[in-house]
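Quick notes on the structure that follows.
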Amino acid sequence: MKINLLEMERSELKRLISGGKLKVAIYGLGYVGLSLAAVWLRAGARVIGVEVDRSKVERLITGYVPTTDKVVAETVKKGIKVGRLTLTSDGVGASKESNVKIVTVPVPLINSEPSFDNLNSALTDIAKGLDKGDVVIIESSVPPTTTLRVALPLLESRSGLKCEDDFALAYSPERILIGRAVQDIEERYPKVVAGVGPRSTKVVKDLYSLVARKGVLTMSNPTAAELEKLLEGVYRDVNIALVNELAPLISKLGLDFWEIIEIANSQPYCHLHKPGPGVGGACIPIYPKYVLYIAKRLGVKLPLIELARTVNENMPAEVAKLALELLEELGKDPSNSKVTILGLAFRGDINDSRLSPTYGIISSLKEEVRELVVHDPFIGHDPELERLGVKLINDLRLALKGSDLVIVVTDHSNYKGMKVSEIKELSGRDAVGVIDTRGVLSGWEAKLKGVRYVGIGRPWYLGMRT
């Protein structure tokens, strides 16, 4: 019997899902796609995971789930084992078999311009298998107007169906933090939904209300929802740029920025972020450029957003410059020095290194120092580091041995509370420089024999005891 979701009430959808009769196809099995697969599996739906990278499909089938999120990994593995999660590279077949199609494929930037190739490919496959009563939901982060100007005409022209009459189309931005994605969707945040019309909005709202315990917020149109998602990231990028710009001033005043931030944020209208080595991940560095892209097309200038992006993009080079200055302070020749970077992931306790500031620091230091190594407890292999000829080491003692300078770039739990004196001891050097870009080390307040400590936003060049 054909299922027409547009004609169903919420109670009917609930019975459909709990009975295992709803089929959800998820296009793109990255961090977001796998997390959504886990959520819908936990709700009772049958899930079809669509991934064009056949090697990723094969690895998933063998039980390798590329995430540090235990809930996602365990749910996906179980889903595959019991046959409720099937994996394929056939997007058309998946569309024909499913009732709900969720798109999470990336829209990458190429020369600062968004490329819609991945999105268009997924939507074309969906259109070829689209049937009356089906629902299409775009969750990929995209430039504003993408749902209405790209997705809607493509789906209608390739399927021969009419949106709102024959099928539903909505934009619903992902709002997750990698490592706790299932909890974010199910418990922490309300889901945002905006359909191209009232029927689309209703059915997608009803669907997500069955998994999002914080409820569903509806918006007037998909473009508003697309921009809302981007502005969450733009706000953070501008805020981080503000503290990154202020950090050198705070340091040269001999003050501790972390103390200042804590007290300033006790005022309810202030929410200063923490300074750092730059901004990584596939979200915050990208969202401002989506906004700048659409603004340029509309003839609107956004100088503050442009400047903030420049400040944060320059931070890895500034950290590298600081590293060379510190080696000089220690009387060490960079060309005869070993530098160890602690952390490749862009954020603590995850295995995602996309656009990590570490890459920028490496690019600036690679030709200047004798040896450059990276330690990360969550990443065992990285093609980009291999290409650069930089060692990736999981053994912290081995990574620190013989180091003349250590740069903490990622706030992994492994590094939090680690004593500066311990780093010196593990280095085995008479004198060592330490740059703490995340404010996670302890024991930095004291002058330690043979240690020159610099923290982003910490008192400048805390001298060592000779």
* In whole Å, what is the distance between the alpha-carbon centres of region 376-452 and region 185-232? -> 43
* Asked: Normalised by the residues of region 314-455, what does the relative contact order come to in percent, with Cα pairs under 8 Å and at least six apart?
  -> 24
* To do: Give, rounded to the nearest 20 debye, the magnitude of the charge dipole that region 314-455 has about its Cα centre when Lys and Arg contribute +1 at Cβ and Asp and Glu contribute -1 at Cβ.
  => 260
* Asked: Between residue 92 and residue 388, how many nm apart are label points set 7 Å from Cα along the C-beta direction?
  -> 4.2
* Near the amide H of residue 407, under 5 Å away, which other amide H atoms are found, from residues 5 or more places off or on another chain, if H is placed in the peptide plane? -> 340, 341, 342, 435
* Asked: Which loop-located trypsin sites (Lys or Arg not before Pro) does region 356-461 contain, where loop means any DSSP state but H, G, I, E or B and the Cβ has at most 13 other Cβ atoms within 10 Å?
  -> 370, 447
* Structure fact -> Result row for the chain, helices from DSSP H with C-alpha axial extent 24 Å or more and mean Kyte hydropathy at least -1.0, is 222-252, 303-329
* **Percent of Cα-Cα distances greater than 44 Å, calculated over the chain** => 21
* Asked: Between the DSSP loop rule and a limit of at most 10 other Cβ atoms within 10 Å, which trypsin sites (Lys or Arg not before Pro) in region 1-94 are left?
  -> 2
* Asked: For region 5-220, taking Cα atoms only, what is the radius of gyration to one decimal and the Dmax to the nearest whole Å?
  -> 15.8, 48
* Rounded to a whole number of µm²/s, how large is the Stokes-Einstein D of region 369-419 at 10 °C and 1.306 mPa s, given Rh as the Kirkwood radius over C-alpha pairs? -> 133
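Every number in this text was worked out from the coordinates using simple rules, so none of it is lab data. Only a predicted model underlies this, so the values are computations on that prediction, with no experimental measurement involved. Heads up, the Cβs are rebuilt from the backbone with ideal geometry, glycines too, and the neighbour counts pull from every protein chain shown.
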